[in-house]
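S.K.: Questions regarding the structure given below will be posed in turn.
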Amino acid sequence: MTSRLISRIFLSFITLTLIISAVYRQEIYRFYKVVTLFNEGVIAENFQTMSEIFPHKVINKGEQNFKFGISDLKIINQFEYNGQQMKVEEHLSNTYTTGFLVVKDDKIAYEDYWLGHSKDGLHISWSVNKSFVSALIGIAIEEGHIKSINDAVSDYVPLLKGTGYDGIPLKDVLQMSTGVRFNEDYAAFFSDINRMGRVIALGSSINEFAASLESEKASGQYHHYVSMDTQVLGMVLKEATGIAPAQYLEDKIWHKLGMRSNAKWLTDDYGMELVFGTINVTMRDYARFGRLYMRYGDWQGEQIVPKQWVIDSITPDEPHLMPGKNPLSSSIFGYGYQWWIPNEPQGDFMARGVYGQYIYINPEKNVIIVKNSADPFWRSGGEESLITIKMFQQIANSL
């Protein structure tokens, strides 16, 4: 063996070792970031820099065809909750709000940013993302890629056969009523949602994780929030259309709405979008999406999302989906196709994500409110959501 060949083999070995080491270090870094993602002191920065932690796909903006104007109206300073007067500014501060935007009649009545956020800054959506996915499913049905919401998701995704999702109708998945066992408690280190984050950080497939889940009750009878239900919608969307969810969103919504900025959608190491809640968007573009739904899918005279789909998406149609105290639901809020209905509805509805993310829509008042937050003390089912929605409703009614 010549010295040149030995040198080549040695250099190849060193190169391979360095590559393996780099990959390992990246996975360890991501694992650390995921474990500390919601820690006080770093949570706000993390929520604005998620694409620096995970791989992602860019959703390119189209030619801008719409801009919000500026309103002379002012929002209220105080609102009432449970008979007590509360200050808007104080509540925004107490819930670690990073951005707050109020739009009335297509004009901005209030806009401000804190904790490093800005008008051009991207902020992770968390489960607000789910409402975007719902829109894409509606479009895919309209285009004939998906035949019916009564089809089983496993008919479109063979990976789901023999799993907790085998035979489950698409409608039950849309309405978070699959009966799949899943613990969504972000405060519990060993919950399914936190276990999922650690699995992704170490490079595993998100789709394989979804396929590992098992059923605990019959579907279509109880509303239980399961983020992996939305991942399954993304799997169906990709298989049915043959197009990646990020590209489909770019083609069907982002370009057509002439969004202000490019968005970023996080993926796993296999290139699959983390469909359950990881799109990163600017505040004004969240509001544009809200405007699309406030106008029942119409944008400048073009029906982007089918009108009936929008109506169905924000209309609870089964006892287990109704708002208010409901023994058939794990939430006090009503639910449609990946959209929330307030516990005391006023014809309004919302996209909602953990740690204080909202797109609130009130068609009657022609008001859209967007709230980004990084609240390290947020808890699922906590009073924060009830107070925030009361604030939204009273702001909308006052304008």
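The values are calculated or read from the model by the stated rules, or taken from the named source; none is laboratory data. As the structure is a prediction and not an experimental result, all values here were calculated from the model. With ideal geometry, Cβ positions are generated from the backbone for all residues, glycine too; neighbour counts draw on all protein chains shown.
S.K.: Could you tell me whether any residue of the range 88-111 is outside any loop (DSSP other than H, G, I, E, B), among the acidic types (Asp, Glu) and either touching a strand residue (DSSP E or B) at 6+ places or on another chain (Cβ under 6 Å) or modelled with pLDDT under 95 (or both)?
M.R.: Within the range 88-111, one or more residues are outside any loop (DSSP other than H, G, I, E, B), among the acidic types (Asp, Glu) and either touching a strand residue (DSSP E or B) at 6+ places or on another chain (Cβ under 6 Å) or modelled with pLDDT under 95 (or both).
S.K.: Something else about it: Which residues, taken from the range 240-260, are among the β-branched types (Val, Ile, Thr) and not in a loop (DSSP other than H, G, I, E, B)?
M.R.: Matches in the range 240-260: THR241, ILE253.
S.K.: Looking at GLY242, GLY271, can you tell me which residue is modelled with pLDDT of 95 or more, at positive phi and under 20 Å from the mean Cα position of the chain (by Cα)?
M.R.: On inspection, the qualifying residue turns out to be GLY271.
S.K.: Against the conditions (1) more than 24 Å from the chain's Cα centre (by Cα); (2) in the same structural domain as GLN308 (by TED's automatic domain parsing), where does ASP155 fall short? Just the number, please.
M.R.: Status for ASP155: all satisfied but (2).
Here's the yes/no breakdown for (1) over 18 Å from the mean Cα position of the chain (by Cα); (2) more than 14 Å from TRP126 (Cβ to Cβ):
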| residue | (1), (2) |
| --- | --- |
| LYS256 | yes, yes |
| THR267 | no, yes |
| PHE276 | no, no |
| MET283 | no, yes |
| ARG288 | no, yes |
| TYR296 | yes, yes |
| GLN300 | yes, yes |
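S.K.: May I pose another question? Return the only residue of TYR270, TYR186, TYR165 being assigned to a loop (DSSP other than H, G, I, E, B), surrounded by fewer than 16 Cβ atoms within 10 Å (Cβ to Cβ) and hydroxyl-bearing (Ser, Thr, Tyr).
M.R.: TYR270
S.K.: Only one of these is in contact with a strand residue (DSSP E or B) (Cβ under 8 Å, 6 or more places away or on another chain), of a type in the set (Lys, Arg) and outside any helix (DSSP H, G or I): LYS119, LYS130, LYS147. Name it.
M.R.: LYS119
S.K.: Another question about this same structure. Quick one: which of LYS171, LYS161, LYS147 is in contact with a Ser or Thr (Cβ under 7 Å, 6 or more places away or on another chain) and among the basic types (Lys, Arg)?
M.R.: When all the criteria are applied, what remains is LYS161.
S.K.: For residues in the range 10-40 being modelled with pLDDT under 50 and either aliphatic (A, V, I, L, M) or in contact with a Cys (Cβ under 7 Å, 6 or more places away or on another chain) (or both), which is surrounded by the most Cβ atoms within 10 Å (Cβ to Cβ)?
M.R.: Residue satisfying both the conditions and the ranking: VAL23.
S.K.: For the range 353-395, which residues satisfy the criterion of being of a type in the set (A, V, I, L, M) and either assigned to a strand (DSSP E or B) or in contact (Cβ under 8 Å) with a residue 60 or more places away in the chain (or both)?
M.R.: Passing the criteria: VAL354, ILE359, ILE361, VAL367, ILE368, ILE369, VAL370, ALA374, LEU386, ILE387, MET391, ILE395.
S.K.: Checking the structure you have, find out if any residue of the range 82-101 is among the hydrophobic types (A, V, I, L, M, F, W, C), closer than 28 Å to ALA246 by Cα and surrounded by 17 or more Cβ atoms within 10 Å (Cβ to Cβ).
M.R.: Checked the range 82-101: at least one residue is among the hydrophobic types (A, V, I, L, M, F, W, C), closer than 28 Å to ALA246 by Cα and surrounded by 17 or more Cβ atoms within 10 Å (Cβ to Cβ).
S.K.: Which one of ILE59, ILE76, ILE53 is of a type in the set (Val, Ile, Thr), touching a helix residue (DSSP H, G or I) at 6+ places or on another chain (Cβ under 6 Å) and at pLDDT below 95?
M.R.: Step by step, each of ILE59, ILE76, ILE53 is checked, and only ILE53 is of a type in the set (Val, Ile, Thr), touching a helix residue (DSSP H, G or I) at 6+ places or on another chain (Cβ under 6 Å) and at pLDDT below 95.
S.K.: Further question: For the list (1) outside any helix (DSSP H, G or I); (2) buried (at least 21 other Cβ atoms within 10 Å of the Cβ), I need the number of the one condition that GLY290 fails.
M.R.: GLY290 satisfies all of (1) outside any helix (DSSP H, G or I); (2) buried (at least 21 other Cβ atoms within 10 Å of the Cβ) except (1).
S.K.: Right, here's the next one. Please work out if SER191 is among the polar types (S, T, N, Q), within 21 Å of the chain's Cα centre (by Cα) and surrounded by fewer than 20 Cβ atoms within 10 Å (Cβ to Cβ).
M.R.: yes
S.K.: Within the bounds of the range 41-50, is there any residue that is part of a loop (DSSP other than H, G, I, E, B), surrounded by 15 or more Cβ atoms within 10 Å (Cβ to Cβ), among the polar types (S, T, N, Q) and on the phi < 0 side of the Ramachandran plot?
M.R.: Yes, that holds for at least one residue.
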